[in-house]
Each structure stands twice: as structure tokens, then as C-alpha cells.
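The structure appears below as C-alpha cells.
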Amino acid sequence: MNSQRAKRSPYRSRLRAEQAAATRRIVLDAATQLFVERGYAGTSIDAIAEEAGVGRSTVFAAAGGKPWLLKTAYDRAIVGDDEQVPFAERPEVRKLSAMSDPAEFVAAYARLISDGAQRVSPIYEVVRSAAGLEPEVHQLWTEIGQERLAGARRIASLLRGKGGLRKGLSVDRARDIIWIYNDPGLHHALVGVRRWRQNQYRDWLADTLSHQLLG
């Protein structure tokens, strides 16, 4: 009897984990949709629970409070899925790092950034507009800026290592230029507000970064 329970236990544990992950995704999907539609302040836990079709307590048990939901929605939009694989270790990023031609590298980086901005810019605008509402959201906004700056420095350093930075352009100055252009707010302004097509934004970003960075 005990042996049979022991054999079934791993299966039951795996099933519970899968059910919990599925509930978490449903709650996160609902929160993301409402944050984008109503803004952070206009989205309540009760509204998220109703949209997700679960109880209020389930939202907290499955995913936590609003600041956690906002941060997780942003993190998921960055990578595009729920897989626990850091952005820097994803195949498209590894392929980018392996490129030897500076022009090809910048063009591929522009594609990566424009594709990411298409996913991220709606929730990015939510974080930006809510940064003054709660300390946790302000901290998230600060961390996002710091992460973008650190990422920009890595790209600038890689480009210098490939001999691609134009003469007289330091890594620090290149970092700051990249940091400006990797801002999802640009995508929101040009695609979301001015109604550029996504391919227009991608091509503009590639041309601008090439002009600003390459020798």
C-alpha cells in the first residue's frame, strides 16, 4: 500500500506542478491584458481574478500581488515565452555574439531589438506611467533602465571587439547611443502612436545604429 502511494507520488507532484503553472499563466495573461488596457492603477486584483476566471485568493497564491505581476509580465515580454532560459543564453543572442562582420552584427541587433520592442513596448509604457505610484514599481522602472544600460554596454564592447566602432567613438559613448535606441518607448512612439509599420521601424533602427556606430 505504501509502495503504491510512493510510486504515484512523483506523478501527482508533477501533475500539481503543471496545474499550478497553467493557472499562473492564465493569471499572468489576464493581468497583462488588463494592465495594457486599463493601466496599472486602473487594474485591481479583483478584476484580474474575474478576467482569469479564478478566485482572488488564487491570484495571490498563483502569482502574487500587482507589482510582482507587472514585473513578471515585463520579463515574459522580453524573452517572448515562459521558458526559464536567460535572454543572454537564447539561440538568437548567441548567434548574434558569434557574428564577425560589424555591419551584419548591427543589422541583426536591430532586428532583435525591434522584435523585442514589439512585444515589450505596451507593458513598458505601463511600467513607465506607474513608476511614481508605488515603491516596488519605481524600483522595477529603475532596474529596467539599468538592465538596458548594461545590455547596451555589452553590445558596444562586442562591437569594439569586432573592430566595428567608428574612429573616435568610445565604448562608453557607444553604450549611451545604444541605450537611447534600445528604449521600447521609441517603438511605442513611432509604431504605436505614429503608426509606422514594424518593418519600417526595424529598417530605420538598423540604418540609424549603423550611421551612429560603425566606422
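The values are calculated or read from the model by the stated rules, or taken from the named source; none is laboratory data. This is a predicted model, so every value here is computed, not measured. Methodologically, a virtual Cβ is constructed for each residue, glycine included, from the backbone with ideal geometry; neighbour enumeration extends over all protein chains shown. Accessible surface is based on the protein model in full, side chains and every heavy atom, while ligands, DNA and RNA are left aside. Shrake-Rupley method; radii C 1.70, N 1.55, O 1.52, S 1.80 Å.
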ask   = For segment 49-135, what number results from the quotient of the Cα radius of gyration and 2.2 N^0.38 Å?
value = 1.40
request  = Starting from the residue with the highest accessible area, list His187, His138, His211 in decreasing order, probe 1.4 Å.
outcome  = His211, His138, His187
ask   = Tell me, what is the per residue accessible area of the chain in Å², probe radius 1.4 Å?
value = 57
key: For Leu214, distant residues with modelled amide H under 5 Å away   = Arg166
message = Computing the accessible area with a 1.4 Å probe over protein heavy atoms, can you report the carbon and sulfur percentage for the chain?
response = 51
ask   = Using a 1.4 Å probe, how large is the accessible area of Leu133, given in Å² and rounded to the nearest 10?
value = 100
ask   = Hey, what did the chain get for relative contact order, percent, Cα under 8 Å, at least 6 apart?
value = 20
ask   = Magnitude of the Cβ-charge dipole of segment 1-142, K/R +1 and D/E -1, about the Cα centre, nearest 20 debye?
value = 880
Geometric extent, Cα atoms of the chain - Rg, Dmax (angstrom) = 20.8, 76
query = Given a 1.4 Å probe and the protein chains all in place, what does the accessible area of Arg119 round to, in Å² to the nearest 10?
reply = 100
